[in-house]
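A short worksheet on the structure shown next.
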Number of protein chains: 2
Amino acid sequence: MKVTIIGLGLIGGSLSLRLKEVNFASEIKGVDNNKANEEKALELNIVDVVTDLETGVKEADLIVLAVPVDAIQKLLPKVLDLITKDQVVMEMGSTKQEILKVVDQHPNRGRLVACHPMAGTEYSGPEAAVRDLYKDKNMVFCDVIKTDEDAFEQAEAVCETLQMNPIFMHAKEHDLHAAYVSHISHITSFGLALTVLEKEKSQGRIFELAGGGFASTVRLAKSSAEMWTPIFKQNRENVLEVLEEHIKQLQHFHDLLEEENYPAVLKLIKQANKIKRIIK
Amino acid sequence: MKVTIIGLGLIGGSLSLRLKEVNFASEIKGVDNNKANEEKALELNIVDVVTDLETGVKEADLIVLAVPVDAIQKLLPKVLDLITKDQVVMEMGSTKQEILKVVDQHPNRGRLVACHPMAGTEYSGPEAAVRDLYKDKNMVFCDVIKTDEDAFEQAEAVCETLQMNPIFMHAKEHDLHAAYVSHISHITSFGLALTVLEKEKSQGRIFELAGGGFASTVRLAKSSAEMWTPIFKQNRENVLEVLEEHIKQLQHFHDLLEEENYPAVLKLIKQANKIKRIIK
């Protein structure tokens, strides 16, 4: 089995490290449009060799696309053009509808497995790759009905190797849910960082009081702008919906505090506490 | 040295565990208005004995107040009434101006050290207490100019024992800064939890996609309503200010996305990324 990974950052790099650990493939090739990433990936022994896109695609049984979602959208039709019916392509984007739309009628659509590993950190690039990133996390497979059975089995083997728990969803449902439990978290973190950084300009010293609570809510604000802007673009409608909802919730909290309606504030927090059911 | 800790939850319990570890006191008494907390604290060996408020205050060299800020505001004048000039009181509230206002003219004001340990978790109660909660965190001392020198030295010894880094601030400055780097983080988490819990009602399954990013931004939403409502009440003006700022930032993000101004979204995220300077 030969594997080619396109995109040698956190997602592709971590995947490769795990595949290497268990000798999943006889060879793992890497492709990245950033020369420095390719060199770093070789140096860190993340891939065996690096090559160009066309060679990488042609000389692999399994091709994994782990680049930002705008790049997936651009590359995916080209990759499907290059492959034969014996090959399998996995795309790992954080959005699904816009990506799958561009290849919906492609003759090799059946060779594509659309998936989204619900794992990540706020860091990016090959240096951020860790072999246990995926362990015990969820892998969402979308619109599997459009994927050939043998192609899906291949992806399932990868999922098992990564020790991930498979979940099945329609692309539309995926994008809505991802907006609510992943994309919005990033926006609130970006917003919080901007709010406090702005205040620091006039006030200074403001971060001396920053503790663990602040660090955890603002952690995602370190996330890559180049990766996240295309996600917000592709999932724009859902993201706008959840952002409007979230602003409404914050405004409601604000109004209760302004009116000094403390019993209602207490009740609202107790309602929010129900998240304990979900987050252990 | 005899110590009495009033409030046997996360803050008071963790403090007590560390003081016991280094034999800071010959005896540590505990006071809590909740019988179950007192029993739990004894069972977990957090304090040596439990007693009533008056006995606890009278029979200690150092009294530590670690209860919700509304309870501190109520108890503090009584505690200062009960003590002599040989005793020291530390109050550990998350707000300062409203608390210090009520004892500003008290004849024993000099015996009081107002401090805020910038440490905590989303858990509460004696079971949440851990001996290394404070290690390497900041301890903010407020309006130390109003504290007798020997009383401050006593508190400084506690601070050193907890291995904390002392910081000095005016109460007013403290409350503003705390709103920006602690209180708002909790509100965004509460807001995020409410937004997603609400959506779950109509959509179901929404949490299947929740990963580490969501967990970290929403973690604080598990925080105690009884502890946080009085904090928001006492720091209402600052909290309203930062909440308005935060809503404005989110609205700006929303508007750029609605207008499909992606270069501006990218720029905004890059600006938020500057938080890397603060949060390692």
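Here are the numbers for the structure shown:
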| item | result |
| --- | --- |
| Per-pair calculated FRET efficiency, R0 = 51 Å: A:A36 and B:A36 via Cβ, rounded to 0.05 | 0.30 |
| Pairwise centroid distance, computed over Cα atoms, of the range A:1-78 with the range B:190-268, Å | 36 |
| Ranking of A:E156, A:E54, A:E173 by count of other Cβ atoms within 10 Å, fewest first | A:E54, A:E156, A:E173 |
| Under the Karplus curve 6.51 cos²θ - 1.76 cosθ + 1.60, θ = phi - 60°, whole-Hz ³J(HN,Hα) for the range A:110-123, x wherever Gly or Pro sits | x, 7, 9, 10, 8, 9, 9, x, 7, 8, x, 9, 7, 9 |
| Shortest-first nm distances, B:I145 label point to equivalent points in other copies (7 Å, Cα→Cβ) | 7.3 |
| Helix A:262-272 vs. chain A, principal-axis angle (Cα, 0 to 90°, nearest 10) | 10 |
| Contact order relative to length of the range A:118-197, as percent, for alpha carbon pairs under 8 angstrom and 6 or more apart | 30 |
| Label distances, nm, A:P107 versus same residue in remaining copies, Cβ-directed 7 Å point | 9.9 |
| Those residues of the range B:25-43 whose amide nitrogen sits under 17 Å from the label point placed on B:E127, 7 Å along Cα→Cβ | B:34-43 |
| Cα→Cβ-extended label distance, 7 Å offset, between B:E54 and A:R109, nm | 8.2 |
| GluC sites (Glu not before Pro) within the range A:184-273: DSSP coil, no more than 14 neighbouring Cβ in 10 Å | A:E259, A:E260 |
| Rounded if a/c under 1.5, otherwise prolate or oblate - the range A:2-169, Cα gyration tensor axes | rounded |
| Rounded to 10°, Cα long-axis angle of helix A:10-21 versus longest principal axis of chain A | 50 |
| Exam field: A:A215 pseudo-label spacings to other copies (7 Å along Cα-Cβ), nanometres | 1.7 |
| Percentage relative contact order, the range B:13-109, counting C-alpha pairs under 8 Å, at least six apart | 23 |
| Hypothetical label at B:E237: residues of the range B:99-139 whose amide nitrogen lies under 18 Å (7 Å Cα-Cβ projection) | B:99-104 |
| Contact order normalised by residue count of chain A, Cα under 8 Å, 6+ apart, percent | 17 |
| Simple label model, 7 Å out from Cα along Cβ direction - B:K78 to A:E149, nm | 7.5 |
| Using alpha-carbon coordinates, inclination of helix B:149-161 to the longest axis of chain B, degrees | 60 |
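Coordinate-derived values only; no laboratory data. Computed from a predicted model, the values in this text were never measured in an experiment. Here the Cβ is made from the backbone with ideal geometry for all residues, glycine too, and neighbour counts use every protein chain on show.
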